[in-house]
Amino acid sequence: MALKEVAGSQHRGASIALTVLMDWQVTRSLQDASQEHAAEQGRLSQEVSVREQSLEQMRRELAWARAELQRAWQEGNSSRVKLGIQDAELERARQELAGLQNEMQQVRGELRTSESTVSSLRACVNTDCCPSGWVLYRGKCLFVSLERKTWWDSRDDCRSKSAQLLVQGDWPSWTVPMYYATYWIGAKFSSDAKRTVVWQDSKELPLYDYPADCGQSVGGKIESAKCRSKNQWICEQPPKLSSTSKTVLPLMVKP
């Protein structure tokens, strides 16, 4: 009986020992698994953190790239606007230059006309190319009145002097630089809608005393006025060349 109890006691002891051993192994396995899990979790957390940092860096780079693209677009748009402004300024400068060149051409023409006028006036000094009291201007002897009369009376006065009221003739432009007051000239304005200037020597439409406005020279411009108004007037006649004045004929050629 005692031997059986001893044997049973030994068997229970071995079972307990085996159970404790198994529990320890399970506990150790769980501890190892827990440590591995913690290590894996730490590694995964670190990897996630690295990836988050990388993603944040990529976001910053993307934002910087967008900002650079926006700045480049704005600069390009600004450059296009500036280029358009510069093109407009260049075109305006070209137009101004063309205008200045035209003005220079006009000034040169006026200078040549003035020089020709001075030469012609000098050519008539001490000669009989124009009547006394008349002046030579661009190949014409001109008489400038001091009185004031109507256009018709002015025309009749010129006729009494074997002359006519001043007409433009083949002058390239209407310029009487010596006279800046208002003078009757040999022109009328047609009564049609176009208000055409008709010169006294015109062969297309002879000037009769029909009711139309008469022409006057005002500061080198031709303007219309009522024929019954009273103004000074300018008569013209061709120069009469003597043997003396014939020697200076080339200086009196009309421009």
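The values are calculated or read from the model by the stated rules, or taken from the named source; none is laboratory data. Bear in mind the structure is a predicted one, so any value in this text is a computation, not a measurement. For neighbour counting, all protein chains shown are included, and Cβ atoms are generated from backbone atoms with ideal geometry for every residue, glycine included.
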Those residues of the range 120-137 which are surrounded by 14 or more Cβ atoms within 10 Å (Cβ to Cβ) and either in contact with a helix residue (DSSP H, G or I) (Cβ under 6 Å, 6 or more places away or on another chain) or at pLDDT 80 or above (or both) amount to Ser120, Ala123, Thr127, Cys129, Cys130, Pro131, Trp134, Val135, Leu136, Tyr137
Going by the conditions given, is Ala193 more than 15 Å from Leu165 (Cα to Cα), modelled with pLDDT of 85 or more and within 39 Å of the chain's Cα centre (by Cα)? no
Residues of the range 142-173 satisfying the condition of being at pLDDT below 90 and either in a strand (DSSP E or B) or buried (at least 16 other Cβ atoms within 10 Å of the Cβ) (or both): Val167, Gln168
Check whether at least one residue in the range 212-219 is within 30 Å of Arg108 (Cα to Cα), at pLDDT below 70, out of contact with any helix residue (DSSP H, G or I) (no Cβ under 8 Å at 6 or more places or on another chain) and of a type outside the set (D, E, K, R), and report yes or no. no
Residue match in the range 49-71 (condition: over 60 Å from the mean Cα position of the chain (by Cα), of a type in the set (S, T, N, Q) and surrounded by 10 or more Cβ atoms within 10 Å (Cβ to Cβ)): yes
Search result, residues across the range 132-162 that are among the small types (Gly, Ala, Ser) and without any contact (Cβ under 8 Å) to a residue 40 or more places away in the chain: Ser132, Gly133, Ser160
